[in-house]
C-alpha cells in the first residue's frame with residue numbers, strides 16, 4: 001500500500017514538473033498518458049536501474065509533449081518546469097542534509113510526508129508561473145523563430161544530461177552534500193538563464209508585433225482617410241445636386257406642371273438613389289472609436305467586406321475611449337473573429353455581417369454577427385485545438401481566442417447560433 005501511495009505522489013510531482021508551466025494548454029489525455037507511462041517505469045523499470053530511470057522520464061515526457069503539441073516551445077517549457085521541480089527538491093534536501101537528515105533518512109522514514117509537501121510546493125510554484133506568466137505570453141512565444149527555439153532546446157537538453165548524470169552519480173555515492181550543491185548550482189543557472197532568455201525573447205517578439213501593428217495602423221489610417229475624403233467629396237457633390245433638384249422641383253410646382261414634375265422625378269431623381277452614401281457612410285461611424293489600433297483594425301476588416309461585397313452594419317452609439325484589456329490581444333481576438341465571420345458569410349446565399357460595440361457603465365459589450373450555413377457539429381467543438389470546418393485549415397483561430405482569454409477573468413466570451421445567424425459575444 002505504501003509503495004502505491006509513493007508511486008502516486010511521485011507520479012503527480014513528475015507531472016506537475018513537466019506539465020505545470022503548460023498545464024492550461026495541455027489536454028487531459030496527454031497528462032493521463034504520461035501518468036500511465038510513469039507508473040510503468042516506477043514499478044517495472046526503476047527497481048532495476050535506480051536513478052537511470054530519469055533518462056526515460058525526460059525522454060518520454062519530451063516525446064509525449066511533441067506528439068501532443070508538435071511545437072518545440074512546449075518541450076522547452078516542460079524542461080524548464082522540470083528544472084524548477086529539481087531546484088525545489090534541492091532547496092529542501094540541501095538544508096535538510098545540513099540539519100543532519102540525509103537523503104537516505106528521507107527515503108526511509110519521511111518519504112510520504114516529504115513527497116506530499118514537495119508535491120504541494122511544486123504545484124503552487126509551477127502552476128502559478130504557468131497561469132500568470134506563461135499563458136498570457138504563449139501565443140506570442142509560439143511565433144518565435146524556430147532556429148532560436150532549437151538552440152534553446154539544445155541548451156536545455158544538454159543541461160538535462162548534466163543534471164541527470166549528477167543525480168545518477170549522487171545515488172552511487174549516497175548523495176553527499178557536495179554533489180547536491182553542485183547539482184543545485186547547475187540547475188539554478190539553467191532556470192535563471194532560461195528565464196532571462198524567455199524574457200528577452202518575449203520583449204523582442206512584443207516589440208516586433210507592436211512595430212508591425214504600427215505599420216499596419218499607418219497603412220490602414222491612410223486608407224481610412226482616403227475613404228473619408230471620398231465620402232466627403234460624395235457628400236459635397238450630393239449636396240450640390242440636391243440643391244439643383246429642389247430648384248427644379250420648385251419651378252415645376254410653381255408653374256403647376258405636375259406631369260413634368262412626375263417625369264422629372266422618375267427619370268432624374270430615382271436613378272440617383274443608388275448613388276446615395278451607403279456603407280461608406282457607415283464607415284464614418286468609426287470616429288466613435290478613439291483607440292487607434294482597434295479603429296484601424298475595424299476599418300481594415302470593413303473595407304475588406306466592401307471589397308468582397310459583403311453587406312455590413314456597424315453600430316457604435318457612443319464614443320469608446322478605452323478597452324479594459326491589452327489592446328494587442330484584443331486586436332488579435334477581433335481579427336480572428338472578423339475573419340471567421342467574413343469566411344462564413346461568403347458561404348451563404350445572402351452574406352451579412354454586423355458589428356455592435358456598446359460601451360456601458362462598467363463594461364464594454366462587443367458582438368459580431370454573421371450569416372452562416374447550418375452547423376454540422378456542436379458549437380463547443382469550434383474552440384477545440386485543431387478543429388476546423390474548412391478543408392485545409394489548421395483550426396487554431398477560435399482556439400487561439402480561448403488561449404488569449406484564458407487568463408482574463410474579467411472578460412466573458414460566448415458563441416451562439418440562432419436562425420442561421422452566428423454570434424460571437426465579448427463582455428469586457
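The values are calculated or read from the model by the stated rules, or taken from the named source; none is laboratory data. Please read all numbers here as calculations on a predicted model, not as lab measurements. Please note: Cβ atoms are built from the backbone with ideal geometry, for glycine as well, and neighbour counts cover all protein chains shown.
When the residues of segment 93-109 are filtered to those that are surrounded by 15 or more Cβ atoms within 10 Å (Cβ to Cβ) and touching a residue at least 24 places away in the same chain (Cβ under 8 Å), the one that is farthest from residue 128 (Cα to Cα) is 102.
Looking at segment 26-84, none of the helices (runs of 4 or more DSSP H) lying wholly inside it contains 3 or more residues that are surrounded by fewer than 17 Cβ atoms within 10 Å (Cβ to Cβ) and in contact with a strand residue (DSSP E or B) (Cβ under 6 Å, 6 or more places away or on another chain).
Please verify whether segment 157-165 includes one or more residues that are exposed (fewer than 13 other Cβ atoms within 10 Å of the Cβ) and over 18 Å from residue 17 (Cβ atoms). Yes, the conditions are met somewhere in segment 157-165. Filtering segment 312-326 down to residues that are surrounded by 16 or more Cβ atoms within 10 Å (Cβ to Cβ) and either in contact with a helix residue (DSSP H, G or I) (Cβ under 8 Å, 6 or more places away or on another chain) or free of Cβ contacts under 8 Å to residues at least 60 places away in the same chain (or both), which residue is nearest to residue 404 (Cα to Cα)? Applying the filter and picking the extreme gives 323. Residues considered: 36, 116, 41. Of these, the only one that is farther than 30 Å from residue 201 by Cα and at pLDDT below 90 is 116. Residues considered: 175, 169. Of these, the only one that is without any contact (Cβ under 8 Å) to a residue 24 or more places away in the chain and surrounded by 12 or more Cβ atoms within 10 Å (Cβ to Cβ) is 169.
So that you can scan it fast, the table gives a plain yes or no per residue for (1) modelled with pLDDT under 75; (2) farther than 27 Å from residue 303 by Cα; (3) surrounded by 13 or more Cβ atoms within 10 Å (Cβ to Cβ):
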position: 248; (1), (2), (3): no, yes, yes
position: 264; (1), (2), (3): yes, yes, yes
position: 280; (1), (2), (3): yes, no, yes
position: 285; (1), (2), (3): no, no, yes
position: 288; (1), (2), (3): no, no, yes
position: 292; (1), (2), (3): no, no, yes
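At least 1 residues that are within 30 Å of residue 73 (Cβ to Cβ) and in the same structural domain as residue 74 (by TED's automatic domain parsing) in each: list the helices (runs of 4 or more DSSP H) lying fully within segment 101-186 that qualify. Write out each step before concluding.
Numbers: elements: 103-109, 111-129, 138-141, 146-172.
In segment 101-186, the matching helices (runs of 4 or more DSSP H) lie at 111-129, 138-141, 146-172.
Checked against (1) at pLDDT 90 or above; (2) surrounded by 15 or more Cβ atoms within 10 Å (Cβ to Cβ), residue 407 passes all but a single condition, namely (1).
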